[in-house]
Amino acid sequence: MSDANSPVNKVAFVFGTLPEHSELDQILLLNTVVDVDIITPQSMSQYIYANMRPVQSSGEDRTFELSIVELPDHVDQLSFLPGLESVLANYTIVVVKERLGMYAFQAIKAKQQHHFWLYYWVDNGFSFPAEDMETLRTIREEVTRLADGFIVQSKACETALLLEGVHSEKMVSWPVWVNAAGYEVTDQDYLDFVRVHHVDRGHLIIAHIGQLEWEEGIGLLLEALAILKQKSPRVASRMRIFYCGLGSYSSVLQSRANRLKVDDQVRIVFPDRQNISTLLRCSEALHFGGRASRDRVETHRGLLWLAMAKNKSVILPRTVIGEDTLGKHRLDYCPNDPNSLMRAFKKVVEAPFLSSDIARKNYLKFQDRFDATKCLEQMTDILLKSKGKVSDVETGSYEKIIFQIEEAIGRGQYSEASSQIESILGSNMDLKDYQKAELYRLIGDCFTKLGDVDAGKQAYIKTCEYDPYSAKGHIGLGTISLIKGQHEIAIIQFQKSISLSPKDEMANLGLGLSFSGLEEYIEAKKWVESAIKINPDNSAAIYSLVRISHELEDYTSVLHVLEDYFVRHPMDTHMQYTYCGILYETKQYEKVIARLSEQLQMSPMDIRAQSLLKQAKRALTKEQEKVNSVSSLS
């Protein structure tokens, strides 16, 4: 567990793609002194849990509780994470992995509302990435303009940002560290691995650990092995190629290995910690591709550091990140040339002293540069500099205008608020699409409150056109449909809003009311109860549950809800009367008399309470008379 007295407030790391093991190691190290959460979709959470390992802090290995906030995957749009914007309100510092990655734009919208300090952890070493895709280009430009800082771990990423006009003052150099101790494997696990994959003592393994995609240039290993098999069959017979990773290219690799007649020397294994640890133990060298991809880092930095930490030789062509990390200490080859890579293979077999010397020099470099204590101090120092800072967006003119409009709506000044919004929309103010969406949503609220539901509907439609992922826009459309009695349409809109924001109480309540309008009371009860679970003090939801309970003649759930409500609001006489009405329906007359007698002592002029009390007394008297009559007959 992180230190409760940490000088840095709560930090969130948002991952939309599978994090490297080294990234988890760094976050776990940081979590020894800072309160850290990882926010990720449910589909990724089990992978993260399975790949966390204890880290060393103050000389001892300890397992710290790292909280993982799991949010539901969006069924139709994987780049949107339902509920993220509201969850981020709980943090003062947010770090999003990759500015073009999943959820980058959602984080910007949440920052506008909640004013946390926002960093983007940048891996991409290509300037102006995704320039040819309008949506991603817009996201990148917004991130560049509004992010408070960019975390970089290589010169390549720093250079790419500088070329895009990002000031060096906005960049922070995040230190490098991998938990080498977390990649140990037992002798039995090692023996099981070599047995399953038919590895003999005389075999030499070249391992490629990373994504299995065509952009990585990893098919070159198969071609190099096939050439080696023709030119030096004795040397080639000892070689084994292990691909440890996932990706769309894996099936192509297997097919290509068959065509090249090297399939008996090639294995593809799942990239969990145990397989990676075993390959680090039994391989002669690790291979890294040299083809730079537009939207991903060209080589996996964390795996390069891990190779250094585990005293392994590296086969790598000249790349920016390779030069920055290893310098000249590597087995070089010419990218895209299988003959060149084949010669690197031969060096591994025929010049083991050269390979061992490269590994030793990289190991010493790692020990000198990548120290856990120094890394932790630098990471904490970066976050300390952010603590207490107020994002400059808080003082922006747009945010002040929105605040004033929401205040006017809160006071019931709907006409004034709608006039102000129309004035802004008709002005020359430079508004982004999501800002226009927010303004149209607010004006839709105003029109609906004023009874102009058709104008309200048009405003909500505009909201959803500018921001298709606006849960509140769909709630507005659902509300309009409810008012018009179009319950089937309302269900569609509220279901859409729940898929975008599962924890929105009004979306859940609206769906419950829509089902209730169709007299599907069991389904209605489920969604109204969900709204109450999100906000137990939602009186509209509680009264709706009361009505549904009357229809179903099942009061168990609503009685529990009301009893829980009274723990927090014992003086709410309206809710007390409702509760007593249910007790009366369930013939608990003595409880009704006791509660209403107490209530009338505080509010003696409450006519409703007086009337219900009289009815309860009469009903109790009749019940007692009936019991007495039965007793006398017996």
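The values are calculated or read from the model by the stated rules, or taken from the named source; none is laboratory data. Because the structure is a prediction, the values reported are computed rather than measured. Quick reminder, even Gly has a Cβ in these numbers, built from the backbone with ideal geometry, and neighbours come from all protein chains shown. Calculation scope for accessible area: heavy atoms of the full protein, side chains included, ligands and nucleic acids excluded. Shrake-Rupley method; radii C 1.70, N 1.55, O 1.52, S 1.80 Å.
Comparison of Leu228, Leu221, Leu212 shows that the only residue that is at negative phi and assigned to a loop (DSSP other than H, G, I, E, B) is Leu212.
Applying the set (1) open to solvent by less than 60 Å² (accessible area, probe 1.4 Å); (2) under 29 Å from Lys432 (Cβ atoms) to Glu213 leaves exactly one unmet item: (2).
The listed residues are Leu316, Leu286, and the only one of them that is farther than 24 Å from Ala160 by Cβ, at pLDDT 85 or above and open to solvent by less than 20 Å² (accessible area, probe 1.4 Å) turns out to be Leu286. Taken together, the residues in segment 605-623 that are aliphatic (A, V, I, L, M) and under 13 Å from Lys591 (Cα atoms) amount to 5. Answer yes if at least one residue in segment 6-27 is crowded, with 22+ Cβ neighbours inside 10 Å, farther than 23 Å from Ala104 by Cβ and at pLDDT 80 or above, and no otherwise. Yes, that holds for at least one residue. Take the residues in segment 467-503 that are touching a residue at least 40 places away in the same chain (Cβ under 8 Å) and not in a helix (DSSP H, G or I), then tell me which one is most open to solvent (accessible area, probe 1.4 Å). The residue in question is Lys503. Meeting the requirement of 2 or more residues that are within 25 Å of Gln493 (Cβ to Cβ), the helices (runs of 4 or more DSSP H) wholly within segment 513-618 are 521-534, 539-552. Considering each residue of segment 54-70 in turn, at least one proves to be over 20 Å from Ala471 (Cα atoms), open to solvent by less than 10 Å² (accessible area, probe 1.4 Å) and modelled with pLDDT under 75. Residue pairs whose Cβ atoms lie under 6 Å apart, separated by 6 or more positions or on different chains, with the first residue in segment 115-132 and farther than 12 Å from Leu161 by Cβ and in a loop (DSSP other than H, G, I, E, B) and the second of a type outside the set (D, E, K, R) and open to solvent by less than 30 Å² (accessible area, probe 1.4 Å), are His115/Ser391; Phe116/Tyr91; Phe116/Val94. Using beta carbons and a limit of 7 Å, which pairs, at least six apart or on different chains, have the first residue in segment 186-207 and in contact (Cβ under 8 Å) with a residue 24 or more places away in the chain and the second one open to solvent by less than 20 Å² (accessible area, probe 1.4 Å) and small (Gly, Ala, Ser)? Pairs found: Ile205/Ser283; Ile206/Ser283; Ile206/Ala285; Ala207/Ser283.
Considering segment 416-461, and only residues there that are part of a helix (DSSP H, G or I), more than 28 Å from the chain's Cα centre (by Cα) and charged (D, E, K, R), the residue that is surrounded by the most Cβ atoms within 10 Å (Cβ to Cβ) turns out to be Asp445. Within segment 326-353, restricting attention to residues that are within 12 Å of Val314 (Cα to Cα) and not hydrophobic (A, V, I, L, M, F, W, C), the residue that is surrounded by the most Cβ atoms within 10 Å (Cβ to Cβ) is Arg330. Taking the criterion of being on the phi > 0 side of the Ramachandran plot, out of contact with any Ser or Thr (no Cβ under 7 Å at 6 or more places or on another chain) and open to solvent by 10 Å² or more (accessible area, probe 1.4 Å), the only residue of segment 114-148 that qualifies is Phe128. Considering only segment 610-618, I want to know if a residue exists there that is loosely packed, with under 13 Cβ neighbours inside 10 Å, on the phi < 0 side of the Ramachandran plot and under 55 Å from the mean Cα position of the chain (by Cα). For segment 610-618, residues loosely packed, with under 13 Cβ neighbours inside 10 Å, on the phi < 0 side of the Ramachandran plot and under 55 Å from the mean Cα position of the chain (by Cα): present.
Condition check for Asp368 on (1) within 30 Å of Leu29 (Cα to Cα); (2) surrounded by 13 or more Cβ atoms within 10 Å (Cβ to Cβ): one failure, at (2). Restricting the first member to segment 570-596 and to residues that are open to solvent by 20 Å² or more (accessible area, probe 1.4 Å), and the second to residues that are not in a helix (DSSP H, G or I), the beta-carbon pairs closer than 6 Å and six or more apart or on different chains are Thr573/Ser603; Thr586/Tyr555. Restricting segment 160-174 to residues that are touching a Phe, Trp or Tyr at 6+ places or on another chain (Cβ under 8 Å) and part of a loop (DSSP other than H, G, I, E, B), the residue that is surrounded by the fewest Cβ atoms within 10 Å (Cβ to Cβ) is Glu164. Note on segment 234-283: residues that are among the small types (Gly, Ala, Ser), open to solvent by 10 Å² or more (accessible area, probe 1.4 Å) and farther than 25 Å from Gln46 by Cα total 2.
One residue stands out in segment 297-311 among those that are in contact with a strand residue (DSSP E or B) (Cβ under 8 Å, 6 or more places away or on another chain) and either surrounded by fewer than 24 Cβ atoms within 10 Å (Cβ to Cβ) or over 13 Å from Lys365 (Cα atoms) (or both): the one that is modelled with the lowest pLDDT, namely His300. Screening Val185, Val178 for residues that are over 29 Å from Arg256 (Cβ atoms) and open to solvent by 10 Å² or more (accessible area, probe 1.4 Å) leaves exactly one candidate, Val185. What pairs come out if I take residues in segment 405-426 that are under 9 Å from Leu442 (Cβ atoms) and pair them with residues that are of a type in the set (Phe, Trp, Tyr) whose C-beta lies under 7 Å away, six or more apart or interchain? Filtered contacts from segment 405-426: Ser418/Phe447. Filtering Asp189, Asp200 for residues that are assigned to a loop (DSSP other than H, G, I, E, B), of a type in the set (Asp, Glu) and under 27 Å from Arg273 (Cβ atoms) leaves a single hit, Asp200.
Looking at Ile205, Ile151, just one residue is farther than 30 Å from Leu100 by Cα, open to solvent by less than 10 Å² (accessible area, probe 1.4 Å) and of a type in the set (A, V, I, L, M, F, W, C), and that residue is Ile205.
Among the conditions (1) open to solvent by 70 Å² or more (accessible area, probe 1.4 Å); (2) under 17 Å from Val314 (Cα atoms), the only one that Lys231 does not satisfy is (2). Just one residue in the set Phe515, Phe566 is open to solvent by 10 Å² or more (accessible area, probe 1.4 Å) and modelled with pLDDT of 95 or more; that residue is Phe515.
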